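The values are calculated or read from the model by the stated rules, or taken from the named source; none is laboratory data. From a predicted model like this one, the values you see are computed outputs, not experimental measurements. Here Cβ is always computed from backbone atoms with ideal geometry, including for glycine, and neighbour counts include all displayed protein chains. Side chains included, ligands, DNA and RNA excluded: accessible areas come from the protein's heavy atoms. Shrake-Rupley method; radii C 1.70, N 1.55, O 1.52, S 1.80 Å.
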Amino acid sequence: MPFIPHTEADVKDMLGAIGAPSIDALFDEIPAALRCGPLQHVPEGLPEMQVAQLMHARAETDGQPLNFIGAGAYEHHIPAAVWEITTRGEFYSAYTPYQAEASQGTLQVLYEYQTMICGLTGMEVSNASMYDGASALGEALLMAVRANRKNTSAQVLMPRAVNPLYRDVVKATTHAQGVRPVLIDYCPEQGTTPLDALKAYDGPAPTAVVIQQPNFFGVMEDVDAITDWAHAQNALVIAVVNPVSLALLKPPGQWGRNGADIVCGDGQPLGSPLSSGGPYFGFMTTRMSLVRELPGRIVGRTVDLDGKTGYTLTLQAREQHIRRAKAKSNICTNQGLLVTAATIHMSLLGPDGLAQVASSCMANTRELVAALGSIEGVEPLFQGARFHEAVLRLPGPVAPVLQSLAGRNILGGLDLSHHYPELGNALLVCATETKTDSQIETYCEALEQALHA
């Protein structure tokens, strides 16, 4: 965003208008003992050109490593137009207003976003975004417990194949509110959640069942069978999905006979760069019958007295708008800037472009697994369909191998020994559409050298 500093004449005129002799005089009510005094360690100001050179130099110290880590944050190509448009002042400084008529443009962007996310997930209604995918899952559990009037056990079946970081956030979010997540183990051969493991809960029926598709290992779950079983137990189905995968995979709204009930996930793959852990945004959609339990903001489209289209916040189940005891969540805002980028990103790619990205991800992952699997001692752990992640077993501990790869400027994947020690020397790798044949070959050669050094 352009920045134009005030000249000394501007400052003098403004001080004269308010009758203050100096800028320091504006703060004379602060006792001298509380003032910090001169900033000894802050360098003198630099010209714009030198500031840009300094920032580029600092950024270059981070390097540009070849990245094969996924695990919930993915490196995708972002068209240059996405952030050129997103960082225009009209979007960059806008905030979802309390008085909707004050910012129709912002509300329209959010309305278009909601429409697109509903189209991807196959659901009927979306909110205007959440903080991130992990907190969205926590809110989904709380929503399911509120919404399920047929089963009030507050027991939620949570597969271990769900992202372990998401599970940690869910525990922190829900443990004090009576929600009882029950971990369901995965099949050691397939990496999927067995239906038989869920059927152990036929009697004490759960309030909800969580399904991640593809799961944390990149493997496809049998979502139709699990969804139908859950509904037969009067449980709600919570889907955790990668939005890019939905360009190819069956949307959660079509899982089983009746579809999932709540869908959530992280929108980072839709135009948000890998930026030191964020910020990202979460999305949440549901069926219309559950809309009054949906947390966060919802933007609706209407017409005014003259028949002109207008946008407004609707069904505001937040503590700022209704009695606190009836609020659905303490979520006070949404990740509007990231949602704007995602809306522009989806608009530019369109359905065909997004499907092409998803197809390239799957093709590159197949190529990566085949290349790495040809190395002596390296083998894929789980067979079957996968999206853009895979688990490999190495002949020795993963940590020193990753350290060696980092020395070659390669981020080789995620060591699973902390979250899944039973898998042994297991490495989670990822390949998106950004990976080329030569980059995969480079990684393969470096891994072989690291393993047999």
Would you mind checking the radius of gyration and Dmax of segment 170-233 based on alpha-carbon positions, in Å? 12.5, 36
Determine the per residue accessible area of the chain with all protein chains present and a 1.4 angstrom probe, expressed in square angstrom. 50 Å²
Carbon and sulfur: what percent of segment 327-393's accessible surface (1.4 Å probe)? 51 percent
Rh (Kirkwood, all Cα-Cα pairs) for the chain, Å, reads 24.5 Å
Using a simple charge model, +1 on the beta-carbon of Lys and Arg, -1 on the beta-carbon of Asp and Glu, nothing else, what dipole does the chain show about its Cα centre, in debye to the nearest 20? 1780 debye
Sulfur and carbon atoms: percent of accessible area, segment 12-142 [1.4 Å]: 59 percent
Skipping prolines and chain starts, which residues have an amide H placed within reach, meaning under 5 Å, of the one on ILE184, given they are 5 or more residues away or on another chain? MET158, ARG160
Using only Cα atoms, figure out Rg for segment 228-370 and give it as a multiple of 2.2 N^0.38 Å. 1.25
Relative contact order of the chain, pairs being alpha-carbon contacts under 8 Å that are 6 or more residues apart, as %: 20 percent
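What does the highest-first list of 180-186, 281-287, 112-118 look like by mean Cβ count within 10 Å? Don't skip to the end; give the middle numbers.
On the way: 180-186: 16.6, 281-287: 26.9, 112-118: 21.6.
Averaged packing, sorted descending, gives the order 281-287, 112-118, 180-186.
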What ³J(HN,Hα) values, in whole Hz, does the Karplus curve 6.51 cos²θ - 1.76 cosθ + 1.60 give for segment 249-259 when θ = phi - 60°, with x put for Gly and Pro? 7, 4, x, x, x, 10, 5, x, 6, 10, x
Roughly to the nearest percent, how much of the accessible area of segment 220-268 is carbon and sulfur, given a 1.4 Å probe? 43 percent
Run the numbers on segment 224-356 and let me know its relative contact order in percent, using alpha-carbon pairs under 8 Å that are six or more apart. 20 percent
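For each pair in LYS150/LYS199; LYS250/LYS328; LYS171/LYS328; LYS150/LYS326, compute the distance between the two Cα atoms and list the pairs where it is over 25 Å. Display every interim value, and only then the final one.
Details: LYS150/LYS199 19 Å; LYS250/LYS328 30 Å; LYS171/LYS328 18 Å; LYS150/LYS326 20 Å.
The pairs that break the limit, which is 25 Å between Cα atoms, are LYS250/LYS328.
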Restricting to the chain, compute how many DSSP beta bridges are antiparallel as a %, nearest 5. 55 percent
Hydropathy at least -0.5 by Kyte-Doolittle, axial extent at least 27 angstrom from the Cα trace: which helices of the chain, defined as entire DSSP H runs, fit? 336-373
Amide hydrogen neighbours beyond the local backbone of SER417, cut-off 5 Å, H modeled: ALA426
